[in-house]
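**Student:** Can you keep this structure in mind? I'll have questions shortly.
The values are calculated or read from the model by the stated rules, or taken from the named source; none is laboratory data. Remember, predicted model here, so these are calculated numbers, not experimental data. Quick reminder, even Gly has a Cβ in these numbers, built from the backbone with ideal geometry, and neighbours come from all protein chains shown. Surface accessibility is based on the protein's heavy atoms, side chains included, excluding ligands, DNA and RNA. Shrake-Rupley method; radii C 1.70, N 1.55, O 1.52, S 1.80 Å.
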Amino acid sequence: MKRGFPILAIVTALLLSFGLYEALIVAPTERTMGDVQRIFYYHVPSAWTAFLLFLINFVASVTYLIRRNAKADILALVSAEVGVVFCTVVLVTGPIWARPVWGIWWTWDLRLTLTLVLWLIYVSYLMLRRFSTSSQTPVMAAVLAVFGALDVPLVYFSIWFFRTQHPSPVIGDGGSLDPRMAHVLLINWAAFLCLAWLVCWTRYRLEVVQREVEEAQSLEALLEGDGSR
Amino acid sequence: MNYLIAAYIATWVIHGTYLTILARKYSKIQREIKSLKK
């Protein structure tokens, strides 16, 4: 596993550089929007990665509720944290794209509003985990995560089932994306998936060590307390 | 073009900020491990 980390780091760096080159140089310029459409190559893969991480959070949370497994609890925390980072990218790059294309930074459109709600749910989840001192925190967080995950399909399918200002799906049924653009999109998604995996891996190890240190510290405090009596 | 550059820079600023937070967390844990070993 230790040898895999530098390999994954190198692959991620190469894929991110290649993805950036493809997005800025190789991908054809869109006729109506021009160069600003290239934001799509970061915005959409970030959204897909965030959805995937929230799905992992959901599965890990359900596993924790059933089995009370500490590894599942750590995985749920890590996936939510990294998912929030990617969701933040989506919420920042979206308005930067909307300003020149729609003429406004933000509108209370269904897709946009549901994405903001999704972000707020997972930020609340992280705040609960950070500031609650109750021994039941992992259980409460897992329950919140299960309800929070309900918003993910709502966000994803909102543009399929409702008429919204957000652009229609460009991939899958009804999608009309130029194959060269789809190729660049998938390269960037692969790069972001590798980045997410790398960051989750690092964060997971960090959380495991942190919990071990906290355990050792409380044991030390206990022993010191016994010694002073 | 300015919007495109702004979006790409914003993406890397967000990821960079998170990685910095992780690096600081790592240093803090390292210090705690050192103090436990004393």
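**Student:** On a straight-distance basis, which aspartates and glutamates could pair with B:K25 in a cross-link, Cα separation under 15 angstrom, same-chain partners fewer than 8 positions away excluded?
**Tutor:** List returned: A:E81, A:E207, A:E212, A:E214.
**Student:** Can you give the angle from 0 to 90° between the axis of helix A:151-161 and the longest principal axis of chain A, with both taken from C-alpha atoms, to the nearest 10?
**Tutor:** Computed tilt is about 10 degrees.
**Student:** Residue-wise, which Karplus ³J(HN,Hα) couplings in Hz belong to the stretch A:31-39, taking 6.51 cos²θ - 1.76 cosθ + 1.60, θ = phi - 60°, and x for glycine or proline?
**Tutor:** My calculation for the stretch A:31-39 gives 5, 8, 8, x, 5, 5, 5, 5, 4 Hz in order.
**Student:** Can you give the mean number of other chain Cβ atoms that lie within 10 Å of the Cβ atoms in peptide A:91-99?
**Tutor:** Counting other chains' Cβ atoms within 10 Å and averaging over A:91-99 gives 4.
**Student:** Now for a different question. Give, rounded to the nearest 20 debye, the magnitude of the charge dipole that the stretch A:95-229 has about its Cα centre when Lys and Arg contribute +1 at Cβ and Asp and Glu contribute -1 at Cβ.
**Tutor:** 500 debye
**Student:** Please compute the per residue accessible area over the stretch A:87-229 with all protein chains in place, 1.4 Å probe, rounded to a whole number of Å².
**Tutor:** Ligands and nucleic acids excluded, the result is 57 Å² per residue.
**Student:** May I ask you to list the aspartates and glutamates whose Cα is less than 13 Å away from that of B:K37, ignoring any residue fewer than eight positions away on the same chain?
**Tutor:** Within reach: A:E220.
**Student:** Follow-up. Report the accessible area of A:W189, computed with a 1.4 Å probe over the heavy atoms of all protein chains in place, in Å² rounded to the nearest 10.
**Tutor:** 70 Å²
**Student:** Same structure, new question: Cα convex hull of chain A: mean projected area in nm², to one decimal?
**Tutor:** So the Cα hull casts an average projection of 15.8 nm².
**Student:** Compute the helix-to-body angle for A:70-102: its Cα long axis versus the longest principal axis of chain A, expressed 0 to 90° and rounded to tens.
**Tutor:** 30 degrees
**Student:** Largest first, how would A:F40, A:F54, A:F161 line up by accessible area (1.4 Å probe)?
**Tutor:** A:F161, A:F40, A:F54
**Student:** Moving on to the next point. If you count only protein heavy atoms and use a 1.4 Å probe, how large is the accessible surface of A:M33, to the nearest 10 Å²?
**Tutor:** Number for this one is 60 Å².
**Student:** Can you give me the angle between helix A:110-131 and the longest principal axis of chain A, using Cα atoms only, in degrees from 0 to 90, rounded to the nearest 10?
**Tutor:** 20 degrees
**Student:** Hey, quick one: spin label on A:E220, modelled 7 Å out along Cα-Cβ, who in the stretch B:7-38 has an amide N within reach, i.e. under 17 Å?
**Tutor:** Label zone hits: B:26-38.
**Student:** Tell me, what is the 1.4 Å probe accessible area of A:T133, in Å² to the nearest 10?
**Tutor:** We get 140 Å² for A:T133.
**Student:** How many angstrom separate the Cα center of the stretch A:55-133 from the Cα center of the stretch A:205-219?
**Tutor:** 26 Å
**Student:** Among A:C87, A:C194, what's the order by accessible area (1.4 angstrom probe), most exposed first?
**Tutor:** The most accessible residue leads, giving A:C194, A:C87.
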